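The values are calculated or read from the model by the stated rules, or taken from the named source; none is laboratory data. This one's a predicted model, so the numbers in the text were calculated from it and none came from an experiment. Quick reminder, even Gly has a Cβ in these numbers, built from the backbone with ideal geometry, and neighbours come from all protein chains shown. Accessible surface is based on the protein model in full, side chains and every heavy atom, while ligands, DNA and RNA are left aside. Shrake-Rupley method; radii C 1.70, N 1.55, O 1.52, S 1.80 Å.
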Amino acid sequence: MAYESASPERRAYYDKLAPLHTAPLWEVLGTIVPREPTSKSKAHLWRYGALRPLLLEAGELLTAREAERRVLVLENPAYAGQSRSTSTLYAGLQLILPGETAPAHRHTPSALRFMIEGEQGFTEVGGERTTMREGDFVITPPWAWHDHGNEGDEPVIWMDGLDIPILQYFESVFSDPYEEEQHPLSRPEGDSMARYGQGLLPMDATSPYGMTSPIFNYPYDRTREALVKSAQGAVPDPHLATTLRYSNPIDGGWAMPAMATWMTHLKRGQSTLPMRSTDSQVMHVVEGSGSVTIGDQTFNFGPKDVVALPGWQRRSLVASDDCFVFFFSDRAVHEKLGFYREQRFSA
Ligand code: GTQ
């Protein structure tokens, strides 16, 4: 580092430290321990209408098998080439064409799938298959074998959300290809929903996936109905509107170990007051249009758009028609490690 403003004596002293790979804290203390977080990530909106044709074009260039995962990574403008959408979160759009399969593998990062198009896509996780329909939130736990496919005659597209940048920071990304194209099924479709997803639990319930919810598909029709009925039954929260979080039925915590997930519903004309929190977020518009203000920028969004929200920037929403918006964030890590903070503003 240059320390341009330092006196000649101090600079001469720093020059002696550098070859020993040592540095004076007092020159950087205000930067490494700032008064409040300064996010390097940029707020950014990816317009689905612009990306969809390019994703389909990738479908002509290579097969899902060839690609292993045919995905356009939504890269934050501050992190070009780094496969991340915020400092800690990865998001991408994955395409599976009719009849294709994406081969089985497993990895230490957790993955979520938020279904955008198609009704006949499926994923297999640890021996159980689930059919994925628009708006469904589907989980792949760490180190669980998984493969995907499309048995319909329309393209299947979903948003992937992974905690890859967090595991990269901890230098703990491992992966493993399965020896066959598909991992064998060992339970009927709907098994985990029956055991864990009906307000009932097995007597000695523990999650087969450790800290990850044993429900691996949270279907949209149920989520949507819960939000609509919740909005009818209560005055919406001024900052959160009507928000329900996806929970792990075993302990009531977040559904995934590192990524918090929730859905927010605003009625036409409704808006939220600004708030900020230390977690960074990715939002995906399921239904509706409106605008999101992040710091001093306002983005107009429509259905299926994706937005990156850096941490500790004031954010608020305005709905031009009834909106359902999915969010994922690194909040689960912030809470577990004790550094989650938020601030709610009255205007
Ligand atoms: O579907 O397993 O977007 O392993 C990135 C890495 C998806 C997946 C991604 C992956 C996957």
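At a probe radius of 1.4 angstrom, the accessible area of region 36-131 per residue rounds to 39 square angstrom. Geometric descriptor of region 1-100, per residue, is 169 Å³ (volume of the convex hull of the Cα atoms). The Cβ shell under 9 Å around P177 holds other residues with a net charge of -2, Lys and Arg each +1, Asp and Glu each -1. Assuming charge only on the beta carbon of Lys and Arg (+1) and of Asp and Glu (-1), the dipole of the chain about its Cα centre is about 1520 debye to the nearest 20.
Accessible-area rank, largest first, for E36, E100: E36, E100, with all protein chains present and a 1.4 angstrom probe. Computed with the Debye formula from one identical point scatterer per Cα of the chain, without solvent, the log10 of I(q)/I(0) at q = 0.07, 0.10, 0.14 Å⁻¹ comes to -0.33, -0.64, -1.17. Using a Gaussian network model of the chain in which every pair of alpha carbons under 10 angstrom is joined by a spring, one finds that among V28, V71, V307 the greatest mean-square fluctuation is at V28. The candidates V235, V292, V73, arranged from most to least accessible area with a 1.4 Å probe in the full protein assembly, appear as V235, V73, V292. When the P(r) of region 118-194 is calculated, the portion above 19 Å amounts to 45% of the C-alpha pairs. The local environment of A104, defined by Cβ-Cβ distances under 9 Å, has a net charge of -4 under the rule Lys, Arg +1 and Asp, Glu -1. The order of R129, R35 by accessible area, most exposed first and with a 1.4 Å probe, is R35, R129.
Based on the convex hull around the alpha carbon atoms, region 269-331 presents an average projected area of 3.7 nm².
One quarter of the convex hull surface built on the alpha carbon atoms of region 193-237 amounts to 4.5 nm², the projected area averaged over directions. Simple point charges give the picture: +1 on the Cβ of Lys and Arg, -1 on the Cβ of Asp and Glu, and for region 178-327 a dipole about the Cα centre of about 660 debye. The fraction of accessible area contributed by carbon and sulfur in region 247-287 is 47 percent, rounded to a whole number (1.4 Å probe; ligands and nucleic acids excluded). All distinct Cα pairs of region 85-138 go into the 1/r average, and the inverse of that average, the Kirkwood radius, is 12.7 Å. Note on the chain: GNM, Cα springs under 10 Å; of E134, E124, E189, the largest mean-square fluctuation is that of E189.
Computed from label points 7 Å out along Cα-Cβ, the spacing between E189 and S291 is 4.3 nm. Charge tally for D15 (other residues, Cβ to Cβ under 14 Å; Lys, Arg +1; Asp, Glu -1): 0.
Considering only A6, P34, M275, and ranking their Cα positions along the charge dipole of the chain that arises from unit charges at the beta-carbon of Lys, Arg, Asp and Glu, the one farthest toward the positive end is A6. Among the protein heavy atoms of region 1-127, carbon and sulfur supply 56% of the accessible surface, probe 1.4 Å, non-protein parts ignored. When the chain is treated as a GNM with alpha-carbon contacts under 10 Å, the residue of Q120, Q198, Q94 showing the greatest mean-square fluctuation is Q198.
Put the Cα centre of region 260-339 next to the Cα centre of region 56-80 and the gap is 25 Å.
Measuring only protein heavy atoms, the 1.4 Å probe finds F170 accessible over about 130 Å².
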